[in-house]
Amino acid sequence: MLKIKAIGVSEGLARAKALVIRDVDLTVVRNTVTDIEAEQQRALEAVENAKAQIAALRDETEKNIGPKEAEIFDAHLMMLEDPDFVEGMTNEIADESVCAEFACMVNCENFQAMFRAMDDEYMQARAADIGDISMRVLKNLKGIAENPLDTITEPCIVVANDLTPSDTAKMGGKPVVGFITKIGGRTSHSAIMARSMGIPAVVGAGEKLDPIEDGMELLIDGAAGELIAQPDEETLVKFAEKKAKDDERRAMLAAFRDRPGETSDGRRIIIEGNIGTPGDAVRVMELGGEGVGLFRSEFLFMDRPDLPSEEEQFQAYKKAVETMDGRPVIIRTLDIGGDKEVPALDLEKEQNPFLGYRAIRICLDRTDLFLVQLRALLRAARYGDLRIMFPMISSVDELRNAKQVLREARDLLDAEGVDYNPNVKVGIMVEIPVAAVCADVLAQEADFFSIGTNDLIQYSCAVDRINEKISYLYRPLHPGVLRLIAMTAKAANENGIECGVCGEMAGTPGMASVLCGLGVTNLSMSASAMPAAKADLAAHSYAECRELAQRLLKTASAEEAEDIFAEWRGE
């Protein structure tokens, strides 16, 4: 029996066999070959295999999602059937006597450079398609199988070095009952999505995962951050008892599903859900969400070689709004950069990506991209209470510039006679410390605030939130962070606007009372955390929450604040 302790990021208990996902090596070395014809044949066979794989993906996508979403695979097939593309590889092999892998890489670079040099933006975006199909051909040449996540049919606990947001999204609808990774932290995107899907997850296990092999029986406790491999009979009995108690607790929390978020004396705190796709809104409704406090629209842009069209975005936003049936849906405009990549934009690598060209900075620079999204949002706002939120605002000038682009989107729709809702509320994420400090000025320009605590803590404490070596410095209860939140909430209250929290702090057990006491009016979190937040609020009066917040604000250190919070929680 092997017991592994790491960071629990999504609560829950599960038992299943291990599915181990190994990192693949796509390193290419320039090897010289003598049998040119045989090497060319290898390249041609890899291309044919890629065609078959893409055709199967196309059929599956059309069946499970829709014909429009499957069209991208038609484009990929056309490229693989282009004689110029295929001959680029075979000619490179013949001219330079190099292996097929090296020829594939050179051919990819040549075609990408050609597309990027074109004046037409659509053709420039095709460079990402070339990269996608070339990587598929390269994997076939190196004998690397398809992503195991695509072929899951039996209940399993996924074991991996790391999981991208798209990897985690693939688990939706699959019988994945939990996962554990070598790297990551509580606010990494795979952890956030695990909480959204309600599956237990543990991260940051490091090399302790190396002994785990496919098919091993595993027990996972997402709250305790524990994984047990090959458990003995006594451990299995104790685990079953623990799971039975956890099931009872979940049944108790289910009683809060249809209750409003409020303290014991009736102070209302709106409890909402965070989502990444329109389909996630269904779970928010099922678990009693009073709205969507954060729709991460960037997930519509990720893990695809092209950019979503205005119509595709419109349909996605419309679906989320209609699902929420009149409840507010706050959609954050494209928030990429940092650790979130969009292949179609082919952004340059930066030395300090979290401090660089990202979020609203990209949108204000690429107004062509921004206008498409804003037009789609305005159109979808006709179908419910859709609200637009700009991320990473650092000054009133940025907010005014973003609102100006929104006005341009309205003007374009007016000129074209397209129906839309002109009266959409516009808010900002407060996630940069200077925005919190200047909240009194920003509150005069915004219709609402939503505090993004993940980045606010990261920037305030100067700590990379996914760096394991310094993760101990990421302290939500740091008195400086609490003061920034209180300052923001005070400015919002004085200007008559709502102030929410949409970062992971909102869904952390017990934090609802703290944030309520700091003056926050809305809390948005992973859907699975909503019942517990309602139960936490219902157990305390507003006066008690205020008293707790004041005690925390007066502390000299995060450690002192954490001790007070633990005492409050009875821990």
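Computed from the coordinates by the stated procedures, all read-outs in this text should not be read as laboratory data. Since the model is a prediction, treat every value here as computed from it, not as a measurement. Here Cβ is always computed from backbone atoms with ideal geometry, including for glycine, and neighbour counts include all displayed protein chains.
Observations
- Neighbour counting of Cβ atoms within 10 Å sorts the residues Glu504, Glu559, Glu468, fewest neighbours leading, into Glu559, Glu468, Glu504.
- Axis angle, to the nearest 10 degrees, between helix 83-96 and the longest C-alpha principal axis of the chain: 70 degrees.
- The angle between the Cα long axis of helix 121-141 and the longest principal axis of the Cα atoms of the chain comes to about 70 degrees, rounded to the nearest 10.
- By the rule of a C-alpha distance below 29 Å, with chain neighbours fewer than 8 residues away ignored, the lysines paired with Lys534 are Lys242, Lys243, Lys245, Lys318, Lys319, Lys425, Lys490, Lys554.
- Ordered by the count of other Cβ atoms within 10 Å of each Cβ, fewest first, Leu369, Leu548 give Leu369, Leu548.
- Positive-end residue of Leu442, Gly215, Pro391, charge dipole of the chain with Cβ unit charges: Leu442
- Antiparallel DSSP beta bridges within the chain, as percent of all bridges there, nearest 5: 35
- The helix-only estimate of mean residue ellipticity at 222 nm for the chain, built from DSSP H runs of length n ≥ 4 each weighted as -39500 (n - 2.57), is -15000 deg cm²/dmol after division by the residue total.
- Of the trypsin sites (Lys or Arg not before Pro) found in the range 6-38, those that fall in a DSSP loop while having at most 13 other beta-carbon atoms within 10 Å are Arg22, Arg30.
- Sparse-neighbourhood loop sites, trypsin sites (Lys or Arg not before Pro) in the range 505-571 - DSSP loop, at most 14 other Cβ within 10 angstrom: Lys554
- For Thr453, Thr151, the sequence from fewest to most other C-beta atoms within 10 Å is Thr151, Thr453.
- Simple label model, 7 Å out from Cα along Cβ direction - Ala224 to Arg250, nm: 1.7
- Close amide H pairs (under 5 Å, H built 1.01 Å from N) link Val501 with Ile451, Asn522, Leu523, Ser524, residues at least 5 positions away or on another chain.
- Modelled FRET efficiency - R0 35 Å, Asp397 with Ala75, Cβ distances, 0.05 increments: 0.30
- Legend: calculated FRET efficiency, Ala543 to Val237, from the Cβ-Cβ distance at R0 = 51 Å, rounded to 0.05, equals 0.70.
- Folded to 0 to 90 degrees: helix 558-569 orientation relative to the chain principal axis, Cα: 70
- Relative contact order of the range 265-541: 20 percent, from C-alpha pairs under 8 Å at least 6 residues apart in sequence.
- Spin-label pair Ala38/Glu416, simplified geometry with 7 Å Cα→Cβ offset, distance in nm: 5.7
- Taking label positions 7 Å along the Cα-Cβ direction at both Asp563 and Val441, the computed distance is 3.9 nm, reported to one decimal.
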